[in-house]
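Read through the structure below, which is laid out as structure tokens, and then see the notes.
The values are calculated or read from the model by the stated rules, or taken from the named source; none is laboratory data. Note that the structure is a prediction, hence the values are computed from the model and not measured. Every residue, glycine among them, receives a Cβ derived from its backbone with ideal geometry; neighbour counts consider all protein chains shown. Protein only, heavy atoms only, side chains kept; ligands, DNA and RNA dropped before computing areas. Shrake-Rupley method; radii C 1.70, N 1.55, O 1.52, S 1.80 Å.
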Amino acid sequence: MVFQVRILILLGTVLSATTAYRILSINVSPSRSHIIVQEALVQELARRGHHVTMVSPYPLQKPLENYRQITVPMPDWGKDAMQNLMKDQSQLAMIKNFPKMNWMALDAANNTINHPEVQRIIKEEKFDLLVVGLMADFLLGVANWLGTPTVVVHPNVAMEVVNSMVGNPSPIATVPNSMRGMPSPMSFTDRLKNSLIWILEGSFGWYMMKTSEQFYNSNFPRDQFPSYDEVRRNVSLVLVNQHFTKTSPRPYVQAMVEVGGLQIKQTPDPLPEDIQKWVDDAHDGFILFSLGTNLLSSTIPKEKLDALISTFSKIKQRVIWKWDTEDMPNKPANVLLRKWLPQNDILAHKNCRLFVTHGGLGGVAEAQFHAVPLVGIPFFGDQQANVIKVDNEGWAITVHFSELTEASFSEAINEVLNNASYTETVKQLSDLYRDRPQSAMDTAVFWTEYVIRHKGARHMRYPGADLNFFQSHLLDVIAVLCVGVFVLVKVIIIVCRMMCGKRPKSKLKRY
């Protein structure tokens with residue numbers, strides 16, 4: 001009996017070893033929140049026995065078996081850029097900042113793949129899969145070095161620059177753009193706005209691809225590698241961090257899979273001891289205040305900061321504030337400052353009454369999952385759209401930063417804390433968000449392993465990914481049909497004239 005048990009254990013070990021894959025994951029996005037989503041997936045793959053190498057600017061917090069971290073630092077661009085956005089949040093300011101942020105991401109990605117250690121593992125080691133993020137998609141060319149399929153982890157709502165990789169449709173008439181927060185279904189005015197925004201987003205996407213192509217060509221010469229366009233269209237799978245209950249229903253091809261809330265842990269990790277005590281002793285509940293990984297609270301203009309501090313000093317709830325410097329001027333006694341917070345685990349605590357957020361999609365999803373109402377202070381990107389949508393759903397209040405005063409902020413805080421409808425609404429939406437056949441993580445892991453098992457899963461590839469604009473919209477077919485109809489009509493007219501035309505009158509002689 002003991003011998004049989006040993007044989008079964010040995011067989012189990014052998015079988016598990018044969019299904020353990022080697023995965024290279026690269027993400028150099030300037031936004032820490034983007035990388036968190038990808039890290040969540042590859043760390044879970046490591047826990048399930050696969051061998052993962054993660055390349056990013058951020059060091060690993062805790063050692064993990066089967067998980068190797070290669071940290072390639074990138075320039076600290078955040079403080080100056082975010083200070084500028086604090087001062088000017090207009091769309092024009094975002095457009096002006098976009099090229100600079102785009103080039104920073106491309107430079108960082110270029111430095112990363114040319115780092116000696118990264119070059120060594122690419123040239124010397126074997127991998128079964130490449131996993132990359134959104135920024136600097138010329139990194140997709142690494143798959144040609146490795147000879148592996150590619151999975152893209154997109155941290156936000158599907159955008160056209162990602163849809164184009166797998167041919168995913170984006171019907172302008174029915175799918176609201178993620179940057180505006182328009183309702184679904186849309187009115188005529190909404191569809192008009194959506195069309196204009198689609199053109200603007202397409203322009204940004206074109207710019208991103210053209211600049212990324214320059215870096216691709218310098219690292220992957222055309223005489224040795226496929227073209228940049230071919231590499232983009234060779235992506236096997238896109239995992240998109242959205243869920244239709246959080247955004248709106250929309251069509252997908254097989255190679256794009258919704259995994260909204262991928263970074264959310266089904267079972268929260270224990271909190272650090274000091275934070276645990278702080279929230280456990282918050283008998284009137286506590287508020288979490290965080291502006292995400294890019295916006296720095298210390299750069300908030302003084303008059304706005306004074307309004308926030310004064311409001312918090314007058315409430316009975318405790319506050320945990322993600323604050324990026326050593327101290328805060330005039331900090332109230334009920335405020336706890338930390339440079340980094342386990343946001344998901346804090347939101348999961350039973351005493352969390354309210355989340356004050358900038359409106360990033362990840363934070364909004366975590367709040368909905370844990371049924372915590374919001375006060376949203378959106379700044380840029382999709383934040384305004386995210387906050388407007390949850391405001392319309394009835395579990396958040398929007399306070400625009402340009403209009404933030406002690407009076408407006410205090411009114412919003414007290415309304416959400418004292419009106420039970422916000423909490424009741426988000427509890428209902430939490431049930432909706434959680435009701436799935438399997439968790440976001442299990443879904444992502446299954447399809448990632450599926451792509452490896454089937455060597456890129458070419459059978460999932462949508463043929464529309466290889467069509468250009470004229471072909472995918474049947475403009476070439478319509479043109480041929482129009483010419484055909486025109487020729488046919490002309491022939492019919494000529495035939496009719498020949499068969500039915502009047503005969504010439506004969507000339508009669510007059511006497």
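What the table below lists for this structure:
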quantity: Test result for ILE452, surrounded by fewer than 15 Cβ atoms within 10 Å (Cβ to Cβ) and assigned to a helix (DSSP H, G or I); calculated: no
quantity: SER310 vs. criteria among the hydroxyl-bearing types (Ser, Thr, Tyr), open to solvent by less than 30 Å² (accessible area, probe 1.4 Å) and in contact with a helix residue (DSSP H, G or I) (Cβ under 9 Å, 6 or more places away or on another chain); calculated: yes
quantity: Test for PRO268: is it in contact (Cβ under 8 Å) with a residue 24 or more places away in the chain, open to solvent by less than 70 Å² (accessible area, probe 1.4 Å), part of a loop (DSSP other than H, G, I, E, B) and over 30 Å from ILE172 (Cα atoms); calculated: yes
quantity: Count of residues meeting criterion [open to solvent by less than 10 Å² (accessible area, probe 1.4 Å) and out of contact with any Gly (no Cβ under 9 Å at 6 or more places or on another chain)] in region 353-372; calculated: 2
quantity: Scan of region 272-296 for residues that are at pLDDT 90 or above and open to solvent by 20 Å² or more (accessible area, probe 1.4 Å), ordered by number; calculated: PRO272, GLU273, ASP274, GLN276, LYS277, TRP278, ASP280, ASP281, HIS283, ASP284
quantity: Count of residues meeting criterion [over 18 Å from GLY167 (Cβ atoms) and within 32 Å of the chain's Cα centre (by Cα)] in region 464-494; calculated: 0
quantity: Enumeration of residues in region 42-52 that are crowded, with 20+ Cβ neighbours inside 10 Å and part of a strand (DSSP E or B); calculated: VAL52
quantity: Scan of region 313-348 for residues that are at pLDDT below 90 and open to solvent by less than 40 Å² (accessible area, probe 1.4 Å), ordered by number; calculated: none
